[in-house]
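The next block holds one structure in the form of structure tokens; read it before the comments.
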Amino acid sequence: MAAPLRHAAAAVVLWVETAGAAGPPPLSGPEAPWFSGREQPPSLPLRVRSRRASVHSPWKGASAFLLGPLASGSFPSRRVLTSTSNASQDLVDRKCLAEKYTHLSCNKVFCQPWQKCIDGICICKLPYQCPKNGTAVCATNGKTYPTYCQQKSFECLRPGTKFLKNGTCTGEGKFSVSLAHGNNDTDGIVQVKLVDQDEKMFICKSSWGITQANVACLDLGFPQGALQAGDKFNLPAELRGNSTECVHVHCRGLETTLAECTFTTDLYGGQRLADVACYRPTAASPPSSDSFQCVNGKPIPQTRACNGVNDCGDQSDELCCTGCQGSAFWCKSGVCIPQQHRCDGEVDCITGDDEVGCAERKWTKSLSPKLSCGVRHSTPVRRRRVVGGKPASVGQFPWQVAIKEGDKINCGGIYIGGCWILTAAHCLRMSKIHRYQIWTSLVDWMNPNSEILVQYINKIIIHENYDGTTYKNDIALIELKRRPNKKVCELPRMVPACVPWSPYLFQPGDRCAVSGWGREKDNQKVYSLRWGEVHLINNCSQFYPRRYFEKEMECAGTNDGSIDACKGDSGGPLVCEDVNNVTYVWGVVSWGENCGKPEFPGVYTKVANYFDWISQKAADSQILTSALAFLEHGALGISCGALGAFSAHVAPPDSMALCPQHAGQGRHQA
């Protein structure tokens, strides 16, 4: 049986290569067996540039807050292809499509403020969990809700009660959408009756597109949205002489009624009018071979996939892209967004890269000291090259802990907030809980530094599906003992590493770091904390057939094998920095073989796969940090009184108290 090998410690990513940067060349060598156990009330900022008067919009207030520290460096590169069928097919990730991601998949998108992320799905919150501050709104059931978020939460739980207007309900008219002069009930020229208007009005063609058409059809009772928003219908000849003054409409695409969109009037008549054909599935018209099948069942032309426009209505045509068509912006997470959403002061990509390098974000530098995880108290000098086996300095890896048993350090661990340490399951034995010590701020255990604190263990939680033969689910939590008469664990020099919630935050080729007190390649003991940079490597099944589980595991290494986790490194972190310089614990050192050989990259437990498990097991913590707030609101780290990034500790979803002054999903504000 292979011997336990990698007991890891945490290292800080010094920098992460931008998406699209060349990754390491394929590792070569024999497929030798591995040995195991390497010991929102903010608002939507709309800009109307023509001479128009605002008629109606639920979005009022200021724009959303942004992510932590300003990232330096270039933007992620993207593939851009012309709009042809073959080109768009080349941009679609078929493996990703099998996951059937939609606008409700929080692995890919932010949840709305009235939703929470559970097991990768955005589900409804209860209304009282919304921010308390906001402007009252009136709904179609005649009731007034304190905030837009609370009304949407009620609608989420009981579909059918939709937004009507800003302000309290006072018995005024209703909002309605209808189709006129069409062939049947699925198509025609669009008319709206606004709450404060007596007559129906047409919509101007110049502001009409598939985004608005999808919302209109949804409002009309067609759940899959529009088939097309085109030039199919015209006014009858006898009506053309009459006034055809129209209104312009601006939607984001995920509204459930046109009443949520912004309307403006045009001072001039004579505009072309908007029309739509809504989609109704029929057995007589199966999708063609060159169409893209949306998750909601609607087919769209293949050429419309990955173009930054939500043609499907459920966003599934923009969530599995290896690049984007035309001018659309490619998020590192494989999502295409409209180019105009880049550098607009609101974060759309879950990776935050659409707001990187934007001059207007310079002010966020002042917020960096408030981040609750993943940011050191002082930032070391960056190194623009792979440097391995270098000694770490005090405070360089403030989430790194050592797990000491007797007089030996056999494993590392990662501080993730509160009283919790993340490590590898194979590092721990329940029967030895009294023998373990957790050493924090340790750099050199032969020459202990004054900053060291020794902690004892209150509880060990090993993943219930951990398999000691395959090292699948090789992850565990340690709860530290609190000092007498203390409600919290006091670790003044420690900074928690952020826990990732989505497997798309980092990609193969990204540069991350590993650290620990493990042995060198020649089996020499290491007494000081050492670290090195490695690349994430795509699916390591080619190196370890039948032993590598892609969902639960991640592997990383270097071209020449010069940097690797080794014996004594197990349980410690593989950490990666995002574009905003916030550090996430991407992996826990788990197993490997032949330290330092390029054909044997290290294998790590993929932490993003265990976000919900960590949240549930640590749910008894009284600490309220920003992981769920970020997931559910996209304000990138809402932590009351401060912008924060993610921490492992999250309060139970039904007891969250959010900061109303910061709440709001990147685009759709509460």
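Here, each number is a calculation from the coordinates, and none is a lab measurement. Model, not experiment: these values are computed from the prediction. Please note: Cβ atoms are built from the backbone with ideal geometry, for glycine as well, and neighbour counts cover all protein chains shown.
Amide H contacts for LYS472 (H built 1.01 Å from N in the peptide plane; partners 5 or more residues away or on another chain; cut-off under 5 Å): ASP467.
In order along the range 320-327, the Karplus-derived 3J(HN,Hα) couplings, from 6.51 cos²θ - 1.76 cosθ + 1.60 at θ = phi - 60°, round to 10, 10, 8, x, 10, 7, x, 9 Hz, and Gly and Pro are given as x.
From least to most packed, judged by other beta carbons within 10 angstrom and beginning with the fewest, TRP399, TRP208 follow the order TRP208, TRP399.
May I ask for the distance between the Cα centers of the range 444-511 and the range 325-352, given as a whole number of Å? Computed from Cα coordinates, the inter-centre distance equals 33 Å. Of the residues MET201, MET430, the one with the fewest other Cβ atoms within 10 Å heads the list, and the complete ranking is MET430, MET201. Less than 5 angstrom separates the built amide H of LYS125 from those of GLN115, LYS116, all sequence-distant by 5 or more or on a different chain.
Classified by the C-alpha gyration tensor, the range 408-523 has a rounded form. Its axis ratio a/c, with a ≥ b ≥ c, is below 1.5. Couplings 3J(HN,Hα) of the range 415-425, computed from phi: 6, 10, x, x, 10, 10, 10, 9, 8, 8, 4 Hz, in residue order, whole Hz [Karplus 6.51 cos²θ - 1.76 cosθ + 1.60, θ = phi - 60°; x for Gly and Pro]. Here the residues HIS426, HIS181, HIS434, ranked from fewest to most Cβ neighbours within 10 Å of their Cβ, fall in the order HIS434, HIS181, HIS426. With 22 Å as the limit on Cα-Cα distance, the pairs of LYS108/LYS551; LYS472/LYS617; LYS143/LYS174; LYS125/LYS481; LYS162/LYS193 that go past it are LYS125/LYS481. Residues whose amide H lies under 5 Å from that of LEU227, counting only those 5 or more places away or on a different chain, are ALA277, CYS278, TYR279; hydrogens are built 1.01 Å from N in the peptide plane.
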